[in-house]
Amino acid sequence: MKLISRLIIFIFAFLIYGCLNPLKKKPQLPQSVDYTVVSRTPDFNKKNTSLTIDTINNLMIVRLIVNPAKKLPYPINTKDKDTLDQTAFNFDFYQNGKIILSDYKKNKNTLRWQTDSSETSNYLRFVSDTLYLTTSNEITFEIPFHVFHNLKQGKQTIELRIWQNTFKGNAHEIKTADNRYNYCNYATKCIFDARVKFDVMIPPIYKSSVYGFGLQLKNDSTFSPAGMDNTIWNSSYPDIYWTLYYPTEQFYAQTSYQKSTDVYTDSDTFDLYHYYLNDSIGIGVYDHDDLSRDDGLGYWTGPIDFLNREPRRRISFGNVAWFDMKVGKAKMVN
């Protein structure tokens, strides 16, 4: 009986300790953001759509569910008897009636995307893939808070406009005596357009310049760059580029690549927006491949302060013999 009593007391004490232990961290869960509908078109309703906005770990998650809608007033091309039921959605962020400006898209340039040099290139706008509206669709954007680096820290009111104005039909094949090609019908029409308003807390945001001064791959008994890319057009050496990650597991920016070499000689500079003075970043070095997945050559992660050295810091990791880098002094921008 005494043994049972002691066992019960022990279990009870263990449970209390687990509840009160300050070292035991509870997992963070997304926090729902309440919003107010400012305006909407009739078909942008709860029957056709569902919108949620959540925040977690300096990340805003915007999710739009579009239910199958076969009876919407889609444009019709009478010549081809084509119902144009495909469209893409724009997500634009505003404050005080003006679209928010951001460097975010400039830093998201990659090997496979064209650099946007238009007047709207710094608009804080996200565009979905083209969707078939007659099927169920879910659009999700995970947006880091540093995209709002032009807003003051603290509570801010933001307006989000979700809209589309172009429809696309199915592909049609044309055959001639000499050729064969496909075309699609397009039409301008807006069915979905809504604005919602909500409050969020903008964290302090710092800006640092990240400099890359070149790198060289290993060439020893553990690794040889020769023979990585066997093609009939180029040498067998890799096409090298490097990538900046912030947070350490999240793609941030990427260089162009140098073909068929074991030495990357370009000098690169990226503007890094981050939340803490001594944040950590990730650096990845890759071999670009047009026909398959790019090969990783090495990955490094460490604090910004470690790279804040003059004239530069030389690091080595993975199959990278050396990589010369520097991170400039951080400045708060908001």
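The values are calculated or read from the model by the stated rules, or taken from the named source; none is laboratory data. Bear in mind the structure is a predicted one, so any value in this text is a computation, not a measurement. Here Cβ is always computed from backbone atoms with ideal geometry, including for glycine, and neighbour counts include all displayed protein chains.
Here is how the numbers come out for the structure above:
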| item | result |
| --- | --- |
| Which numbered condition L101 misses (of (1) surrounded by fewer than 18 Cβ atoms within 10 Å (Cβ to Cβ); (2) among the hydrophobic types (A, V, I, L, M, F, W, C); (3) more than 22 Å from V210 (Cβ to Cβ)) | (3) |
| Count of segment 318-334 residues which are surrounded by fewer than 18 Cβ atoms within 10 Å (Cβ to Cβ) and closer than 12 Å to Y299 by Cβ | 1 |
| Residue count for segment 42-90, restricted to those that are closer than 16 Å to G169 by Cβ and either within 20 Å of the chain's Cα centre (by Cα) or without any contact (Cβ under 8 Å) to a residue 24 or more places away in the chain (or both) | 5 |
| Residue in segment 310-326 that is closer than 19 Å to N107 by Cα and touching a strand residue (DSSP E or B) at 6+ places or on another chain (Cβ under 9 Å) present | yes |
| Residue count, segment 39-87 (criterion: touching a strand residue (DSSP E or B) at 6+ places or on another chain (Cβ under 6 Å), within 24 Å of R195 (Cβ to Cβ) and of a type outside the set (D, E)) | 22 |
| Output for segment 58-75, where each listed residue is farther than 22 Å from Y123 by Cα and at pLDDT 95 or above | I65, V66, N67, P68, L72, P73, Y74, P75 |
| Output for segment 303-318, where each listed residue is touching a residue at least 40 places away in the same chain (Cβ under 8 Å) and over 27 Å from the mean Cα position of the chain (by Cα) | R312 |
| Selection from segment 174-215 of residues that are modelled with pLDDT of 95 or more, of a type in the set (A, V, I, L, M, F, W, C), closer than 30 Å to N77 by Cα and part of a strand (DSSP E or B) | A187, A194 |
| Selected residue [closer than 26 Å to V38 by Cα and outside the structural domain of T243 (by TED's automatic domain parsing)] from L151, L84 | L151 |
| Positions within segment 52-89 being in a strand (DSSP E or B) and either crowded, with 18+ Cβ neighbours inside 10 Å or at positive phi (or both), in sequence order | I53, M60, V62, L64, V66, D82, Q86, T87 |
